[in-house]
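Engineer: My structure is below; once you've seen it, I'll send some questions.
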Amino acid sequence: MTTPLDGNVLAGALANLLVPDPTNLQARCTNCGQVAPIAEAVVYPDAPGLVARCRTCDHVLAAIVDDKDKTYLSLSGLSAIALPK
Amino acid sequence: MRLVLDVPTWPGNEAGTHVDVRLTAPDGYQATRSYSVATSDRGRVVLGIEELPDGEVSPFLVREVRAGDKLEIHGPLGSYFLWRPGQSNRPVQLIAGGSGVVPLHAMAAAHAAASDSTLFRLVYSVRTPAHVYFRDELAALAGPSFTVDYVYTRQAPPGWGGTVGRLTRDSLASTTIAPHERPRIFVCGSTRFAETVAAWLLDLGHSARDILTERYGGK
Ligand SMILES: Cc1cc2nc3c(=O)[nH]c(=O)nc-3n(C[C@H](O)[C@H](O)[C@H](O)COP(=O)(O)OP(=O)(O)OC[C@H]3O[C@@H](n4cnc5c(N)ncnc54)[C@H](O)[C@@H]3O)c2cc1C
Ligand SMILES: [Zn+2]
């Protein structure tokens with residue numbers, strides 16, 4: 001499956017790692033500064049793992065890769081996430 | 001195809017959410033796909049699944065699954081592509097391509113269940129009458145505050161007065177709530193459908209902030 005999806009598909013993977021499910025939260029791209037809900041990212045579902053890219057500049061925002069006994073979560077392309085209090 | 005799951009521990013869900021279904025082969029190979037929740041009621045969760053002939057998961061769910069089989073599901077999931085009653089009194093435009101109608105049907109049902117009087121309209125693009133999901137349910141929901149406009153892309157029902165063919169920017173403009181009424185818009189379908197429609201909506205003068213999309217993948 002090579003067609004990209006969007007960040008809605010990240011809800012399942014992220015709900016296992018972060019509370020609450022953050023797909024509705026605003027996050028800022030480290031590269032271009034765009035602030036948008038994580039659900040609006042471009043998501044490649046078998047990259048391998050899930051890779052989310054900025055819809056504005058294509059920079060990699062986040063990646064989730066499953067290994068045998070661990071899940072690797074990279075948020076290297078997100079400089080800030082706005083969390084509800 | 002409609003898949004009805006008994007999930008005694010289901011906590012209920014908001015309209016627009018999905019579940020992840022995970023299949024595990026005897027050799028341990030796993031495949032996970034997302035499916036929107038059409039309706040749920042007291043531990044009974046209804047999905048609407050379109051079979052992609054060369055797909056890994058959907059043919060299994062449509063053809064192989066039998067009553068009594070156990071499936072691994074995770075959900076309800078998603079906090080973005082949701083409609084909540086009472087959230088806003090702006091009108092709502094729903095735009096579905098194919099199985100993308102599933103979460104939008106959930107929104108229309110939630111809107112009716114809440115007796116919410118905000119105006120709802122659905123444009124539903126579908127190949128042929130045989131491909132329509134939830135036709136009876138949508139007809140039952142239709143009324144003064146909810147209308148459905150079908151777009152048949154390959155074949156229309158007998159006696160159909162309209163044209164047959166793909167949605168265009170012009171037909172979208174004439175069947176959807178006008179930009180000056182500031183509708184909140186939910187678009188769901190294949191990635192190409194969602195992106196084409198979202199681009200047209202921007203052209204027509206809707207604001208990017210008012211357009212929520214959910215992309216299902218595919219062409
Ligand atoms: C949040 C979310 C909710 C979804 N809800 C639903 C739903 O309610 N009902 C539903 O039927 N599907 C839904 N989908 C799509 C679903 O998750 C699968 O992608 C789909 O069933 C195909 O899986 P597969 O394993 O059969 O095909 P794959 O093996 O993944 O793909 C087989 C071939 O079909 C193509 N393809 C993949 N997806 C699509 C598509 N959507 N349309 C056309 N071609 C495609 C691929 O490019 C590939 O060539 C949803 C997706 C997301 C991200
Ligand atoms: Zn960016």
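Engineer: Sort out which residues of region B:133-172 are in a loop (DSSP other than H, G, I, E, B), without any contact (Cβ under 8 Å) to a residue 40 or more places away in the chain, touching a helix residue (DSSP H, G or I) at 6+ places or on another chain (Cβ under 8 Å) and among the aliphatic types (A, V, I, L, M), and write them in order of number.
Structural biologist: B:Ala156, the sole residue that qualifies.
Engineer: Step by step: first the residues of region B:1-28, then only those that are surrounded by 10 or more Cβ atoms within 10 Å (Cβ to Cβ) and of a type in the set (Ser, Thr, Tyr), then the one that is nearest to the other protein chains (Cβ to nearest Cβ). Which residue is that?
Structural biologist: That would be B:Thr17.
Engineer: Right, another one. I need the full set of residues from region A:36-63 which are within 10 Å of ligand 2 (Cβ to nearest atom) and out of contact with any Phe, Trp or Tyr (no Cβ under 8 Å at 6 or more places or on another chain), in order please. Before you say what the answer is, go through the steps one by one.
Structural biologist: Applying the first criterion (within 10 Å of ligand 2 (Cβ to nearest atom)) to region A:36-63 yields A:36, A:41, A:53-61.
Listed by number, the residues that qualify are A:Ala36, A:Ala41, A:Cys54, A:Arg55, A:Thr56, A:Cys57, A:Asp58, A:His59, A:Val60, A:Leu61.
Engineer: Moving on. Filter region A:33-56 down to residues that are modelled with pLDDT under 95 and within 11 Å of A:Asp6 (Cβ to Cβ), then give me how many there are.
Structural biologist: Count: 1.
Engineer: Of A:Asn24, A:Asn8, A:Asn31, A:Asn16, which residue is more than 24 Å from B:Gly100 (Cβ to Cβ), within 13 Å of chain B (Cβ to nearest Cβ) and either away from ligand 1 (no atom under 16 Å from the Cβ) or not aromatic (Phe, Trp, Tyr) (or both)? Step through it out loud before you land on a result.
Structural biologist: Values: A:Asn24 fails: more than 24 Å from B:Gly100 (Cβ to Cβ); A:Asn8 fails: more than 24 Å from B:Gly100 (Cβ to Cβ); A:Asn31 fails: within 13 Å of chain B (Cβ to nearest Cβ).
A:Asn16 is the lone residue from the list that is more than 24 Å from B:Gly100 (Cβ to Cβ), within 13 Å of chain B (Cβ to nearest Cβ) and either away from ligand 1 (no atom under 16 Å from the Cβ) or not aromatic (Phe, Trp, Tyr) (or both).
Engineer: Could I ask something else about it? Answer yes if at least one residue in region B:30-39 is away from ligand 2 (no atom under 16 Å from the Cβ), out of contact with any Cys (no Cβ under 7 Å at 6 or more places or on another chain), small (Gly, Ala, Ser) and away from chain A (no Cβ under 13 Å), and no otherwise.
Structural biologist: At the first step, the residues of region B:30-39 found to be away from ligand 2 (no atom under 16 Å from the Cβ) are B:30-39.
Filter again for out of contact with any Cys (no Cβ under 7 Å at 6 or more places or on another chain), leaving B:30-39.
The next check asks that each one be small (Gly, Ala, Ser); those that pass are B:31, B:34, B:36, B:38.
Then keep just the ones that are away from chain A (no Cβ under 13 Å); that gives B:38.
Yes: one or more hits.
Engineer: Can you spot a residue in region B:49-63 that is in a strand (DSSP E or B), at pLDDT 95 or above and within 13 Å of ligand 1 (Cβ to nearest atom)?
Structural biologist: Scanning region B:49-63, I find no residue that is in a strand (DSSP E or B), at pLDDT 95 or above and within 13 Å of ligand 1 (Cβ to nearest atom), so the answer is no.
Engineer: How many residues are within 27 Å of B:His131 (Cα to Cα) and in contact with a Lys or Arg (Cβ under 7 Å, 6 or more places away or on another chain) when one looks only at region B:83-93?
Structural biologist: 2
Residues are listed down the side, and each one gets a yes or a no for (1) more than 16 Å from ligand 1 (Cβ to nearest atom); (2) more than 14 Å from every other protein chain (Cβ to nearest Cβ):
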site	(1), (2)
B:Arg166	no, yes
B:Arg169	yes, yes
B:Ile177	yes, yes
B:Val187	no, no
B:Leu204	yes, yes
B:Leu212	no, no
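Engineer: Looking at (1) within 14 Å of chain A (Cβ to nearest Cβ); (2) within 30 Å of A:Ala36 (Cα to Cα); (3) part of a loop (DSSP other than H, G, I, E, B), which is the only condition B:Ile73 fails?
Structural biologist: Only one criterion in (1) within 14 Å of chain A (Cβ to nearest Cβ); (2) within 30 Å of A:Ala36 (Cα to Cα); (3) part of a loop (DSSP other than H, G, I, E, B) is unmet by B:Ile73, namely (3).
Engineer: Let me confirm something: among B:Gly100, B:Gly86, which residue is in a helix (DSSP H, G or I) and touching a residue at least 12 places away in the same chain (Cβ under 8 Å)? Spell out the reasoning first.
Structural biologist: Working: B:Gly86 fails: in a helix (DSSP H, G or I).
Every option except B:Gly100 fails the conditions.
Engineer: What's the number of the condition B:Trp83 fails, among (1) over 20 Å from B:Thr175 (Cβ atoms); (2) not assigned by TED's automatic domain parsing to the domain that holds B:Ile185?
Structural biologist: Tallying (1) over 20 Å from B:Thr175 (Cβ atoms); (2) not assigned by TED's automatic domain parsing to the domain that holds B:Ile185, B:Trp83 fails exactly one: (1).
Engineer: Quick one: which of B:Val37, B:Val46, B:Val19 is of a type in the set (Val, Ile, Thr), within 12 Å of ligand 1 (Cβ to nearest atom) and either touching a Gly at 6+ places or on another chain (Cβ under 6 Å) or in a loop (DSSP other than H, G, I, E, B) (or both)?
Structural biologist: Of B:Val37, B:Val46, B:Val19, the one residue that is of a type in the set (Val, Ile, Thr), within 12 Å of ligand 1 (Cβ to nearest atom) and either touching a Gly at 6+ places or on another chain (Cβ under 6 Å) or in a loop (DSSP other than H, G, I, E, B) (or both) is B:Val19.
Engineer: Still on this model: With the requirement that a residue be within 16 Å of ligand 1 (Cβ to nearest atom), among the hydrophobic types (A, V, I, L, M, F, W, C), within 14 Å of chain B (Cβ to nearest Cβ) and under 15 Å from A:Asn8 (Cα atoms), what does region A:34-64 give you?
Structural biologist: Selection gives A:Ile38, A:Ala39, A:Ala41, A:Val42, A:Val43, A:Leu50, A:Ala52, A:Ile64.
The values are calculated or read from the model by the stated rules, or taken from the named source; none is laboratory data. In this text, all values refer to a predicted model and were calculated from it rather than measured experimentally. Don't worry about glycine lacking a Cβ; one is built from the backbone with ideal geometry, like all the others, and counts go over all protein chains shown.
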